[in-house]
1. Quick one: is B:A58 within 11 Å of another protein chain (Cβ to nearest Cβ), surrounded by 18 or more Cβ atoms within 10 Å (Cβ to Cβ) and out of contact with any Leu (no Cβ under 8 Å at 6 or more places or on another chain)?
2. Restricting to the range A:18-34, name every residue that is more than 16 Å from B:K4 (Cβ to Cβ) and either more than 8 Å from chain B (Cβ to nearest Cβ) or among the hydroxyl-bearing types (S, T, Y) (or both).
3. Going by the structure shown, is B:K65 open to solvent by 60 Å² or more (accessible area, probe 1.4 Å), within 9 Å of chain A (Cβ to nearest Cβ) and without any contact (Cβ under 8 Å) to a residue 12 or more places away in the chain?
4. Can you say whether B:V21 is open to solvent by 20 Å² or more (accessible area, probe 1.4 Å) and among the β-branched types (V, I, T), as far as the supplied structure shows?
5. Do we find that B:G29 is more than 18 Å from A:K40 (Cβ to Cβ) and not aromatic (F, W, Y) in this structure?
6. Closer than 14 Å to A:Y41 by Cβ, in contact with a strand residue (DSSP E or B) (Cβ under 8 Å, 6 or more places away or on another chain) and among the acidic types (D, E): does that describe B:E73?
7. So in the range B:38-54, with the set limited to residues that are facing chain A (nearest Cβ under 7 Å) and of a type in the set (G, A, S), which one is least open to solvent (accessible area, probe 1.4 Å)?
8. Tell me the strands (runs of 3 or more DSSP E) entirely within chain A that contain at least 2 residues that are among the small types (G, A, S).
2 protein chains.
Amino acid sequence: MKAKIIITPKKAVLDPQGKTVQSALAHMGYTGVTGVHVGKYLEIDLAPGTDKAAAHAALNEAAHKFLSNPVIEDYRLEIE
Amino acid sequence: MKAKIIITPKKAVLDPQGKTVQSALAHMGYTGVTGVHVGKYLEIDLAPGTDKAAAHAALNEAAHKFLSNPVIEDYRLEIE
């Protein structure tokens, strides 16, 4: 079983890395890009037989407490 | 229209950031985690009406050429 956590800067927060990628894409001739957001991606392997609901609760807490900074970042947690 | 690029270290490559998150999770009492991989997540906003196939080709090239390091990283491109 795998959990995926995607952490992105909140829309209102300045994203210098995204701006850099956007201008790099424009300089390289890739047109039609109106915005780029750069975030973090965590793939977490869970032991087989882990309870999905418990894992969701634990990882949600971990994501909120120390994997992301809730002041400036949003996160999305998926377990599959 | 949005494109998403997920860049992860190849399985054979040492992932110190992933190891750190894994041991942090273990120390905080989250058991059942057998592995963590940390990667980058890019969300690219495309202008409305962009041709999907052309955007896919262009972003695939960009991802291969300068958004990822193909020697040590894999990437996955999705356009939706």
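1. For B:A58, the condition - within 11 Å of another protein chain (Cβ to nearest Cβ), surrounded by 18 or more Cβ atoms within 10 Å (Cβ to Cβ) and out of contact with any Leu (no Cβ under 8 Å at 6 or more places or on another chain) - is met.
2. If the condition is that a residue be more than 16 Å from B:K4 (Cβ to Cβ) and either more than 8 Å from chain B (Cβ to nearest Cβ) or among the hydroxyl-bearing types (S, T, Y) (or both), then A:K19, A:T20, A:S23, A:A26, A:H27, A:G29, A:T31 are the ones that fit.
3. Spelling it out, B:K65 is indeed open to solvent by 60 Å² or more (accessible area, probe 1.4 Å), within 9 Å of chain A (Cβ to nearest Cβ) and without any contact (Cβ under 8 Å) to a residue 12 or more places away in the chain.
4. Numbers: open to solvent by 20 Å² or more (accessible area, probe 1.4 Å): yes; among the β-branched types (V, I, T): yes.
Against the criterion (open to solvent by 20 Å² or more (accessible area, probe 1.4 Å) and among the β-branched types (V, I, T)), B:V21 qualifies.
5. Taking the combined requirement at face value, the residue satisfies it.
6. Yes: the conditions hold for B:E73.
7. Step one: list which residues in the range B:38-54 are facing chain A (nearest Cβ under 7 Å), which gives B:38-47, B:50.
Then drop every residue that is not of a type in the set (G, A, S), which leaves B:39, B:47.
Working: B:G39: 10, B:A47: 27 Å².
Ranking the candidates gives B:G39 first.
8. On the way: elements: A:2-9, A:33-46, A:73-79.
Here the list reads A:33-46.
The values are calculated or read from the model by the stated rules, or taken from the named source; none is laboratory data. Values in this document were obtained by computation on a predicted structure and should not be read as measured data. Please note: Cβ atoms are built from the backbone with ideal geometry, for glycine as well, and neighbour counts cover all protein chains shown. Areas reflect the complete protein model, heavy atoms only, side chains present, ligands, DNA and RNA absent. Shrake-Rupley method; radii C 1.70, N 1.55, O 1.52, S 1.80 Å.
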